[in-house]
Amino acid sequence: MQIQGNEVSLVEPAETFREPYLAFYEEWKASGEPFVPWVTEMDPADFGGMIQALRGYAHGAEIPDGWVRSSTFWLVTTDKRVVGAVNIRHRLTERLLHSGGHIGYGIVPSARRQGYASELLKQALLKAGELGIEQALVVCDAVNTASERTIRRNGGIGDSEYIEEDGNVIRRFWIGTGSK
């Protein structure tokens, strides 16, 4: 899809995207906002090691106890700018069923409100389908109305809410991936 004159696509993390990813990471870090999805908070100082770890998680290698296999992709524009990231969990644990879901995604602050999030989630759902996930659970904090709109725009059907121990309300949505 074209957004502001740029085609965007999901790509697997790779050494060829070192500089664009570092710019993405540094912008997010400077914003002071929490990194989303969680994989974007990994320190890229050892870029090759980070790439290796992300590939390992996708193939089931060296996954921390209690975690599941997950595939990470970056949303990249035709001018090679990394504007977003998504982490797709291959299955759900009890914790992920309540407050993590299958898909966690985020857009760098300077690229928000431009349609990137909707396109990222649309493409992530296709990737989830390729992984054999027929119905993807996507969640957001109740206060994150922009994310809720993005999820609903991509076909999200609301499920029961979940209240975390600190009182934060999680909105949960199921979306068909088209996989059968």
State to the nearest 20 debye the size of the charge dipole of the stretch 86-147 about its Cα centre, where the only charges are +1 on K and R beta carbons and -1 on D and E beta carbons.
140 debye
Tyr116: accessible area at probe 1.4 Å, nearest 10 Å²?
10 Å²
Percent carbon-and-sulfur accessible area, the stretch 19-143, ignoring ligands, DNA and RNA, probe 1.4 Å
51 percent
Could you tell me the accessible area of Glu33 in Å² (1.4 Å probe, neighbours in place), rounded to the nearest ten?
70 Å²
Alpha carbons only, please: Rg and Dmax for the stretch 49-91, in angstrom.
11.9, 38
Computed on Cα atoms, Rg of the chain relative to 2.2 N^0.38 Å comes out at 0.98
Charge dipole (debye, nearest 20) of the chain; +1 at Cβ of Lys and Arg, -1 at Cβ of Asp and Glu
680 debye
Roughly how much of Arg149 is accessible, in Å² to the nearest 10, using a 1.4 Å probe?
120 Å²
Calculate, for the chain, the solvent-accessible area per residue in square angstrom, rolling a 1.4 angstrom probe over the heavy atoms of the protein chains.
51 Å²
Would you work out which of Val138, Ser110, Gly156 lies farthest towards the positive end of the dipole of the chain? Charges go on Cβ: Lys and Arg +1, Asp and Glu -1.
Gly156
Taking R0 as 35 Å and r as the Cβ-Cβ distance between Gln114 and Ser160, the FRET efficiency 1/(1 + (r/R0)^6), rounded to the nearest 0.05, comes to 0.65
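The values are calculated or read from the model by the stated rules, or taken from the named source; none is laboratory data. Source: prediction; values computed, not measured. Cβ coordinates were reconstructed from backbone atoms using ideal geometry, including for glycine residues, and neighbour counts include every protein chain displayed. Only protein heavy atoms, including side chains, enter the accessible area calculation; ligands, DNA and RNA are left aside. Shrake-Rupley method; radii C 1.70, N 1.55, O 1.52, S 1.80 Å.
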